[in-house]
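What follows is a single structure, written as structure tokens, with notes after it.
FYI, it's all coordinate maths here, none of it is from the lab. Because the structure is predicted, anything quoted here is derived from the model rather than measured. A quick note on method: Cβ atoms are made from the backbone with ideal geometry, for glycine too, and the neighbour counts reach across all protein chains shown.
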Amino acid sequence: AIPGDDVEDVLWRLDDGGELSSALRVDESVTMGLLIGENDLGFGLPPRTVAKRIIKLARFLLNRTRGRLLINGLLPMGGIPPAMSPLRCPAHCHPEDEKPTFLPAISDINSRLHMASRSFAAEFGARRVSFVDC
């Protein structure tokens with residue numbers, strides 16, 4: 001991962017940028033961990049859009065590889081200092097709270113990712129897809 005990347009950056013590098021190696025494409029023993037989306041949320045994208053982007057990336061990986069995919073739920077993000085709230089806190093992170101937080105948005109995204117992982121398991125096989133939420 002590259003600091004500051006969003007989901008679309010990673011998808012571009014894997015698809016157009018050619019960073020998805022041929023070995024990774026065919027090796028069934030590979031387990032890929034997908035933990036991304038915090039930057040998208042921090043950049044102000046709504047939870048639904050963030051989840052859609054992550055699901056698009058997960059589908060890309062499942063279609064282009066033969067290994068297993070572990071979809072990680074977004075990790076809790078610390079509170080946002082009040083002075084930074086207008087800059088870093090989109091409408092969905094509850095800036096009016098005493099300690100603004102992304103937790104409601106993260107919970108929404110993780111719920112969507114969990115549902116998508118179940119759908120992927122049915123489509124690609126339960127052996128290939130797992131979801132974990134801390």
- Under a 5 Å amide H to amide H cut-off, with H placed in plane at 1.01 Å, what residues pair with R68 once short-range neighbours are removed? V30, T31, M32
- Task: Please give the peptides 34-44, 15-25, 50-60 ranked by average Cβ packing (other Cβ atoms within 10 Å per residue), highest first, as a rough proxy for protection.
- Result: 50-60, 34-44, 15-25
- Query: Residues with amide H under 5 Å of F102's amide H, sequence separation 5 or more or different chain, H placed in the peptide plane at 1.01 Å from N; which?
  - Reply: M77
- Once both labels are modelled 7 Å past Cα along the beta-carbon direction, what's the N63-L35 spacing in nm? 2.7
- If you plug each phi of region 5-14 into the Karplus form 6.51 cos²θ - 1.76 cosθ + 1.60 with θ = phi - 60°, what whole-Hz ³J(HN,Hα) values come out, in order, with x for Gly and Pro? 5, 10, 4, 5, 4, 5, 4, 4, 5, 6
- Query: Could you give me the ³J(HN,Hα) list for region 114-129, computed from phi with Karplus coefficients 6.51, -1.76, 1.60 and θ = phi - 60°, whole Hz, x at Gly and Pro?
  - Reply: 5, 4, 5, 5, 5, 5, 4, 4, 5, 7, 10, x, 4, 5, 8, 9
- Item | Inter-site label distance for V26 and R118 at 7 Å from Cα along Cβ, in nm | 3.7
- Query: How large is ³J(HN,Hα) for each residue in region 44-53, as worked out from phi by the Karplus curve 6.51 cos²θ - 1.76 cosθ + 1.60 (θ = phi - 60°), to whole Hz, x for Gly and Pro?
  - Reply: x, 6, x, x, 4, 5, 4, 4, 4, 5
- Message: Positive end of the dipole of region 1-40, charges at C-beta (+1 Lys, Arg; -1 Asp, Glu), about the Cα centre: which of V10, S29, N39 has its Cα farthest in that direction?
- Response: S29
